[in-house]
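Encoded as structure tokens, the structure appears first; notes follow it.
The values are calculated or read from the model by the stated rules, or taken from the named source; none is laboratory data. Computed from a prediction, not measured in an experiment: that's the story for all the values here. Cβ: placed from backbone, ideal geometry, glycine included. Neighbour counts: every protein chain shown. Each accessible area value is taken on the protein alone, full model and side chains, heavy atoms only, with ligands, DNA and RNA left out. Shrake-Rupley method; radii C 1.70, N 1.55, O 1.52, S 1.80 Å.
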Amino acid sequence: MRFSCRDITFKYPDASNYVFKNLSFELTEPGFNALFGPSGVGKTSFAKIITGEIKEFSGEISTDSMKILLYSYNLERLPGWSSVGKHLEKIIPLSQKSKKDELVEAFGLKEFIGARFSQLSLGQQNRVNLIRYLLQDFQMLIMDESLANVDELTREKILLKIKDMFPQTFFLYISHNVIEVSKFCKQILVLRSAGKIPQVITVEGENYSTLQQVDKQKLEQTMLEVMNASS
Amino acid sequence: MLLHRRIYQFFIIYLMGVALLLLLKYSLNLSDYVIPSLIDIWHTGIDVFVRYFSDVMNTLSVAVVGQIVSLLLAFLIGITGRQATWFGSFIKVAAYNVQAYPIVAIAPIIFILLGDGIATRLLIAAMICYFPLLLSVLGIMAEPITEIEHFYKVTGRMRWQLEIKIRAFENLNKLTTVIAGSATLAMAGTIVAEFIAANAGIGYSIRVALYQSDLAKILIALFLIGMTLSVYQGLLEATGYAVRKGWARI
């Protein structure tokens, strides 16, 4: 399984400036990858192009055998007429039922499963939203700031759990946290503004997994590479 | 709570209106024939209360049925017209244009065609109530709740019933206000119809009182209309609150 984009060019209708011009990159194998870049550079637009929510672009997206590509973002809400637990029960495919409890536990949400979505904190809401996406049938999931408002320790626990549970799935994690993407991601796609050539630079991340010791020097080196690429 | 508030708000406005009339009467030294005294109003009230109350109930029953009919129709058309298709756009444009035409102006035609019976009153009440309702329902149903609907769309779970449920749930407050507000329109529509040509209802009684130049009777009719409408709207709001409480556990 591989994923590649070639010569993606896009601008919003009536806008004078291009968001992307001849953007190309390739993700060679499944894993936890990142899309990194300054605000306004087009990360969300790019995610929507990948998942087909934006269709008016030129260029080629090759998804290999991947059929279901999902995009989730941190402002999504669950309907308020039933509890989080009931909602999850209703929208989880039978094949994924066994994973639900494991994820709820790992995401620190066990005691909130009976609550309504609006009764949760922003961080808890984002975690619930992410769980329901993780329990769908998909080959690629784009997580747009999906762990915003979650404390660092819990975020780390969640990222490691996702990597453990879904090793053969493509993830594209959109984040502004350079330490996080450098530490946990396999490949980091650093997106730059449309005037820069190339518009995307791929940096190899440290791709840490559970129980692996952090090599601080290597991590700092990766962080520097990411920062240099984005500047 | 809502019911009490509605009733005392009406009382305040009604008493202010009567006080203003009395102020005019005594400052301009007008006769009891033009503006009756408080005693006259009281005696007229005792005389006509039972008859007028029955008339108001008659009018209210037509208004309630008219409101239900227009609500059903508004939801049916609003749900059909919510989509960004040519049919949806056509319905929206048609609704905006037709509602610009004063329904009262075509009321005489309806009386000529259908006579002065209950069907005509019902039709006019429903038509006056319908268009503002339709515009509100269309506005609510055509506005996507992206942050909730996105998940269902990308996972292929979105059905039209779910879309309507989400939009209705998210706009329950607005819908309750619109439905309670449309009660006034339905009542006004029925009274206008009765005033024009019908042979029953409080609008008809007001028309008779007008021909007799009996302001006291008109004031009693207004009092009963206002009280009845306040109670009805209060009940609608309380029902809306109960629905919200039950559905969303607020």
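Mind checking which residues of the range A:11-28 are among the basic types (Lys, Arg) and either under 15 Å from A:Val200 (Cα atoms) or open to solvent by less than 40 Å² (accessible area, probe 1.4 Å) (or both)?
A:Lys21
What number goes with the only condition from (1) surrounded by fewer than 19 Cβ atoms within 10 Å (Cβ to Cβ); (2) farther than 30 Å from B:Ala19 by Cβ that B:Ser136 does not pass?
Answer for B:Ser136: the failing condition is (1).
Looking only at residues that are outside any helix (DSSP H, G or I) and open to solvent by 70 Å² or more (accessible area, probe 1.4 Å) in the range B:80-97, which one is farthest from B:Thr120 (Cα to Cα)?
Filtering the range B:80-97 for residues that are outside any helix (DSSP H, G or I) and open to solvent by 70 Å² or more (accessible area, probe 1.4 Å), the one farthest from B:Thr120 (Cα to Cα) comes out as B:Ala84.
Any residue at all in the range A:7-16 that is on the phi > 0 side of the Ramachandran plot, in contact with a Lys or Arg (Cβ under 7 Å, 6 or more places away or on another chain) and of a type outside the set (A, V, I, L, M)?
Scanning the range A:7-16, I find no residue that is on the phi > 0 side of the Ramachandran plot, in contact with a Lys or Arg (Cβ under 7 Å, 6 or more places away or on another chain) and of a type outside the set (A, V, I, L, M), so the answer is no.
Going through the range A:44-68 one residue at a time, which ones are within 12 Å of chain B (Cβ to nearest Cβ), in contact with a strand residue (DSSP E or B) (Cβ under 6 Å, 6 or more places away or on another chain) and either open to solvent by 30 Å² or more (accessible area, probe 1.4 Å) or among the polar types (S, T, N, Q) (or both)?
Matches in the range A:44-68: A:Thr51 only.
Can you tell me which residue is nearest to B:Gly78 (Cα to Cα) among those in the range B:98-133 that are of a type outside the set (A, V, I, L, M) and buried (at least 20 other Cβ atoms within 10 Å of the Cβ)?
Step by step, filter the range B:98-133, then rank; the result is B:Tyr130.
Out of curiosity, is A:Leu160 away from chain B (no Cβ under 11 Å), within 30 Å of A:Arg2 (Cβ to Cβ) and either in a helix (DSSP H, G or I) or open to solvent by 10 Å² or more (accessible area, probe 1.4 Å) (or both)?
Yes; evaluated as a whole, the condition is true for this residue.
Look at A:Gln96 and say whether it is away from chain B (no Cβ under 11 Å), farther than 22 Å from A:Ile188 by Cα and touching an Asp or Glu at 6+ places or on another chain (Cβ under 8 Å).
It is true that A:Gln96 is away from chain B (no Cβ under 11 Å), farther than 22 Å from A:Ile188 by Cα and touching an Asp or Glu at 6+ places or on another chain (Cβ under 8 Å).
Identify, by number, the condition in (1) modelled with pLDDT under 90; (2) open to solvent by less than 30 Å² (accessible area, probe 1.4 Å) that A:Glu76 doesn't meet.
The failed condition is (1).
Does B:Ser27 satisfy being of a type in the set (Gly, Ala, Ser) and open to solvent by 80 Å² or more (accessible area, probe 1.4 Å)?
Here the answer is yes, as B:Ser27 does meet what is asked.
Which helices (runs of 4 or more DSSP H) does the range A:66-146 wholly contain that include 1 or more residues that are free of Cβ contacts under 8 Å to residues at least 12 places away in the same chain?
Where helices (runs of 4 or more DSSP H) fall fully within the range A:66-146 and carry at least 1 residues being free of Cβ contacts under 8 Å to residues at least 12 places away in the same chain, they are A:84-91, A:97-106.
Could you tell me whether any residue of the range A:191-198 is surrounded by 17 or more Cβ atoms within 10 Å (Cβ to Cβ) and in contact with a helix residue (DSSP H, G or I) (Cβ under 8 Å, 6 or more places away or on another chain)?
Taking every residue of the range A:191-198 in turn, at least one turns out to be surrounded by 17 or more Cβ atoms within 10 Å (Cβ to Cβ) and in contact with a helix residue (DSSP H, G or I) (Cβ under 8 Å, 6 or more places away or on another chain).
Say we look at the range A:127-143 and pick out the residues that are open to solvent by 10 Å² or more (accessible area, probe 1.4 Å) and more than 10 Å from chain B (Cβ to nearest Cβ); which of these is nearest to B:Ile148 (Cα to Cα)?
Among those residues, the one meeting the criterion is A:Arg127.
Which members of the range A:79-93 meet the condition of being surrounded by 19 or more Cβ atoms within 10 Å (Cβ to Cβ) and within 11 Å of chain B (Cβ to nearest Cβ)?
Those that are surrounded by 19 or more Cβ atoms within 10 Å (Cβ to Cβ) and within 11 Å of chain B (Cβ to nearest Cβ): A:Pro79, A:Gly80, A:His87.
Taking B:Met57 as meeting all but one of (1) over 25 Å from B:Ala200 (Cβ atoms); (2) surrounded by fewer than 19 Cβ atoms within 10 Å (Cβ to Cβ); (3) in contact with a Ser or Thr (Cβ under 9 Å, 6 or more places away or on another chain), write down the number of the exception.
Among (1) over 25 Å from B:Ala200 (Cβ atoms); (2) surrounded by fewer than 19 Cβ atoms within 10 Å (Cβ to Cβ); (3) in contact with a Ser or Thr (Cβ under 9 Å, 6 or more places away or on another chain), the lone unmet condition for B:Met57 is (1).
If we only count helices (runs of 4 or more DSSP H) wholly inside the range B:153-247, which ones have 2 or more residues that are within 14 Å of chain A (Cβ to nearest Cβ) and open to solvent by 40 Å² or more (accessible area, probe 1.4 Å)?
The helices (runs of 4 or more DSSP H) meeting that bar are B:160-170.
Identify, please: which residue in the range B:139-152 is among the acidic types (Asp, Glu) and surrounded by 14 or more Cβ atoms within 10 Å (Cβ to Cβ) and is, among those, nearest to the other protein chains (Cβ to nearest Cβ)?
Ranking the candidates gives B:Glu147 first.
Can you work out which of the residues in the range B:24-79 that are of a type in the set (Ser, Thr, Tyr) and outside any helix (DSSP H, G or I) is farthest from B:Leu222 (Cα to Cα)?
Going through the qualifying residues, I end up with B:Ser31.
In a loop (DSSP other than H, G, I, E, B) and farther than 14 Å from A:Leu172 by Cβ: does that describe A:Glu225?
no
Across the range A:164-210, what is the total count of residues that are within 15 Å of A:Ala34 (Cα to Cα), among the hydrophobic types (A, V, I, L, M, F, W, C), in contact with a Lys or Arg (Cβ under 9 Å, 6 or more places away or on another chain) and assigned to a helix (DSSP H, G or I)?
1
Out of curiosity, is B:Trp42 at pLDDT 90 or above and open to solvent by 40 Å² or more (accessible area, probe 1.4 Å)?
Answer is yes for this residue.
Going through the range A:29-58 one residue at a time, which ones are farther than 15 Å from A:Val200 by Cα and part of a strand (DSSP E or B)?
A:Gly31, A:Phe32, A:Ser58
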